[in-house]
Amino acid sequence: MMPAGIADAEFLCVTTYRRDGTPVPTPVWHAVDGEVVYTTTLADSGKVKRIRNNPRVTIAACDKAGRLTGPEHAGIATILLGDGHRRAVRIKEARHHLARLVHFYETRLRRHPMVGVEIRLS
């Protein structure tokens, strides 16, 4: 079951891990659908590289500066392409309307590919 603090938070701190185990926290907009947390990011971001190397992540509610406002929860992240990416975008944009502008700017104007990220709590 998805903790209420995660579903209701405006921002989520997704902590990924470098090859040497160093944690890298990143505040993101997110949306929850059932038992899954979705977000999107640039395909060539460090976050994506770290998830491909090690899908283990922690998530916690946070403010826009990344300061945690709730407990951390362990999860497994998956990079989504194709239909999975479109689903992540649709769910995230339904919750964060400003995300539509960000996605348009990054994908259409700057031509940067984006991917979806699915996080399931473990």
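Residues in the range 28-38: is at least one in contact with a Cys (Cβ under 9 Å, 6 or more places away or on another chain) and either over 19 Å from I91 (Cα atoms) or not aromatic (F, W, Y) (or both)? If you could, list the steps in order and put the result at the bottom.
Quick first cut of the range 28-38, residues in contact with a Cys (Cβ under 9 Å, 6 or more places away or on another chain) only: 28.
Next cut, either over 19 Å from I91 (Cα atoms) or not aromatic (F, W, Y) (or both) only: 28.
Within the range 28-38, one or more residues are in contact with a Cys (Cβ under 9 Å, 6 or more places away or on another chain) and either over 19 Å from I91 (Cα atoms) or not aromatic (F, W, Y) (or both).
Go through (1) aliphatic (A, V, I, L, M); (2) loosely packed, with under 13 Cβ neighbours inside 10 Å; (3) modelled with pLDDT under 95 for A74 and report which single condition fails.
(3)
Mind checking which residues of the range 1-26 are part of a helix (DSSP H, G or I) and in contact with a strand residue (DSSP E or B) (Cβ under 7 Å, 6 or more places away or on another chain)?
In the first step, residues of the range 1-26 are kept if they are part of a helix (DSSP H, G or I); the result is 4-8.
Residues satisfying the conditions are G5, I6, A7.
So that you can scan it fast, the table gives a plain yes or no per residue for (1) out of contact with any Phe, Trp or Tyr (no Cβ under 8 Å at 6 or more places or on another chain); (2) more than 17 Å from L121 (Cβ to Cβ); (3) surrounded by 13 or more Cβ atoms within 10 Å (Cβ to Cβ):
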position	(1), (2), (3)
T16	yes, no, yes
G21	yes, yes, no
T58	yes, no, yes
R86	yes, yes, no
V89	yes, yes, yes
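Look through the range 23-56, keep the residues that are more than 15 Å from R120 (Cβ to Cβ), among the aliphatic types (A, V, I, L, M) and modelled with pLDDT of 95 or more, and return whichever of them is surrounded by the fewest Cβ atoms within 10 Å (Cβ to Cβ).
Filtering first and then ranking leaves V24.
What are the residue pairs meeting all of these: first residue in the range 71-86, first residue over 15 Å from K47 (Cβ atoms), second residue of a type in the set (V, I, T) and in a loop (DSSP other than H, G, I, E, B), Cβ atoms under 9 Å, and 6 or more apart or on different chains?
From residues that are over 15 Å from K47 (Cβ atoms), there are no pairs.
Is it the case that V48 is touching a residue at least 12 places away in the same chain (Cβ under 8 Å) and touching a Phe, Trp or Tyr at 6+ places or on another chain (Cβ under 8 Å)? Break it down into steps so the answer makes sense when it comes.
On the way: touching a residue at least 12 places away in the same chain (Cβ under 8 Å): yes; touching a Phe, Trp or Tyr at 6+ places or on another chain (Cβ under 8 Å): no.
When the stated conditions are applied, V48 does not pass them.
The values are calculated or read from the model by the stated rules, or taken from the named source; none is laboratory data. Since this is a predicted model, take the numbers as computed values, not measurements. Please note: Cβ atoms are built from the backbone with ideal geometry, for glycine as well, and neighbour counts cover all protein chains shown.
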